[in-house]
Each structure stands twice: as structure tokens, then as C-alpha cells.
1. Over segment 225-309, what is the mean sequence separation of C-alpha contacts under 8 Å (at least six apart), divided by residue count, expressed as relative contact order in percent?
2. Among LEU252, ALA196, GLY102, which residue has its Cα positioned farthest towards the positive end of the charge dipole of the chain, with +1 placed on the Cβ of Lys and Arg, -1 on the Cβ of Asp and Glu, and the dipole taken about the Cα centre?
3. So what J values fall out for segment 292-309 if you push phi through Karplus, 6.51 cos²θ - 1.76 cosθ + 1.60 with θ = phi - 60°, rounded to Hz, Gly and Pro as x?
4. Please report the net charge: other residues with Cβ closer than 13 Å to the Cβ of ARG226, K and R +1, D and E -1.
5. Set Lys and Arg Cβ to +1 and Asp and Glu Cβ to -1, take the dipole of the chain about its Cα centre, and tell me which of ILE27, TRP304, THR294 lies farthest positive.
6. Under the rule a/c < 1.5 gives rounded, and otherwise a/b versus b/c splits prolate from oblate, where does the chain land using the Cα gyration tensor?
7. Cα gyration tensor of segment 198-244, axes a ≥ b ≥ c as square roots of the eigenvalues: rounded (a/c below 1.5), prolate (a/b > b/c) or oblate?
8. In Å², and per residue, what accessible area does the chain have when probed at 1.4 Å with the other protein chains present?
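The values are calculated or read from the model by the stated rules, or taken from the named source; none is laboratory data. Just so we're clear, the structure is a prediction, and the values are computed from it rather than from any experiment. Note: ideal-geometry Cβ built from the backbone for every residue, glycine included; neighbour counts use all protein chains shown. Keep in mind that these areas ignore ligands, DNA and RNA; they rest on the heavy atoms of the full protein, side chains included. Shrake-Rupley method; radii C 1.70, N 1.55, O 1.52, S 1.80 Å.
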Amino acid sequence: MNALIDVILPVFLVLGFGYLATWRRFITEPAIDGLMKFSQNFAIPCLLFSGISTLDLGQNFEIRLLLSFYTGAISGFTVGLLGARFLFKRDWEDCVAIGFIGLFSNSLLLGLPITERAYGPDALAPNYAIISIHAPICYCIGISVMETVRNRGNDALSTLRAILKAMFKNALVIGITLGFIVNLSGLTLPGPVSEALGLMIRAALPAALFALGGVLYRYRPEGDLRAIAFACALSLLLHPMITFGMGTALGLSTGQMRSAVLTASMAPGVNTYLFANMYGAARRVAASSVLIGTAMSILTIWVWLAILP
């Protein structure tokens, strides 16, 4: 339990600094918006590019592992979308954003360090396999469904054009795509470029978390508590339960089961808010689900650590 606090508490502190600074007006809301745009459009794409460009894509790329994890993720997205529509009567754009909360777990900021602390650095190979396609799969699903919803009533060709335009205008997707190109081509970046990239990467997560703290002040959970609780349940309960069931049925090894279920049990990632903010949909639900889900995950992760072999 102490290990979980050591990993999660720093995240809360940075979020809290952003919230406090905005609340006490040490920083203005337009400045928070600018910091979020920097994180979303520049720093985090650099982080994704760097991570994917240097990954060993062939290491531990096991179809049963990926099927177990992503069946749970896609189930969370589907239940979230339909539940938001038929239980909470949200518009379709909000429904897609809420579904995205159930789809995108915090595999990087929480999943990697918690798995390492629990089982050691040698246990991380399955985590890297999941992470290498996590953002591409999730953004492909989220953007495709969102653009389909936004372009309802148009012909299929127009919708497809809108999806492709949104995909390749998205800085996160561009960073991911370039990362795969560099990885598969074997290109080596010049030293100064790598150093500059490193500077951007070191700013990515702190800037995103601080900005998210400021956003949380703006989108306090007033009137959306039921939707927030529903979104957190998708991420913290439904996703890992389905992953555990699939992993058991498919006969995952002990190491693969640990990585898949623990990663699935993580709270919604910062990218869930970035996605909601990109489309201006369900931002209060997304921002609050990141904060509340991260707090609640202390208990749910402890339960999964007790269950897993």
C-alpha cells in the first residue's frame, strides 16, 4: 500500500498545485488553457513519439495478451457510450467522450510504475506490448466514432473523409504515427534533435497534470456525480474484470495476467480529458473522473494485487 501511495501521491500533488493556483488566481484560466494546449499539441505528442520510436515492437507481442486487455477496453467504451445515452440521456458527443473514459486507462503514468514496484522491472515486457498500441487503438476508436456521430446524416464517403481528416490533424496521432515510422525504418535521430525532444518530454506530464488541476477547478463535479461514478466504475471495475476473465479463458501466463489486469485496473488517463477537451464534450465528467478515479484506484489496485498470483 505504501508503494501505491508513493506512486499516486505525487500525481495528486501536481494536480493540487494546478487547482490551488487557479482557485487563488495565481494563474488565469486563459493561461491554463494555453498550458493545456501546449501539453496536448506539443509535449505529449513528443512523449508518444519518443516512446513508440524506441520500443521493441516484437518483444512479448502476444495476441492473447492484447486480446484480453483490449476486449475489456472496448467493452468499457461500448457500455459507457450506451449507458451515457440511455441512462443519463446525454447527447451523442458526450456519450462518446464518456465511453472514452472506460476505454483509455492510465497505462503509462500509473500502470508502469505500479507493475514495476509490485513485481520488479523484469515484469514490464507485457506492459510495453500493451502500451505500444494503446494510444493508436484508443484514438482510432474514439475519433472514428466521434466523427461518425458528428457527421450523422452525411453520406459514408463524407464521414470517412471527416474521420481521416480528424485523425491526421490530431497532434497525438501524428506523434504516434511518426514514432512508428522511425521505429520500423530504423532511423536514428541526430543528437541535438534527441536532446531537444528530451526537454519537451520532461515537460509533458507535469505540464499536463498541472493544467488538468486548473481545469478541475473550472469543471467541478456539480450535477454530474452519477455520470462520474458510472465512468469510474467502467474504468476501475468493468475493464479489469473482463480482462481477468478473458486472460483466464485464454490461458495467459502469470506475468502476462499480472500486466494485463493491473494495467486495465488503472484510473482513467489524462488523455481522456484531452479527448473530451478536443471535442468540447463531457469535459466536467472526464476531468473529475481522472481525479476521483485516481483516488479510488488506491483501493481497487490493492484488491487486484491481492487476487493476482
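1. About 39 percent, as a whole number.
2. The residue sitting farthest along the positive end of the dipole is GLY102.
3. These are the phi-based 3J(HN,Hα) values: 5, x, 5, 5, 5, 5, 4, 6, 5, 5, 4, 5, 5, 5, 6, 7, 5, x Hz.
4. Summing Lys/Arg as +1 and Asp/Glu as -1 gives +1.
5. ILE27
6. It is rounded, given that a/c, with a ≥ b ≥ c, falls under 1.5.
7. oblate
8. Counting only protein heavy atoms, the per-residue value for the chain is 44 Å².
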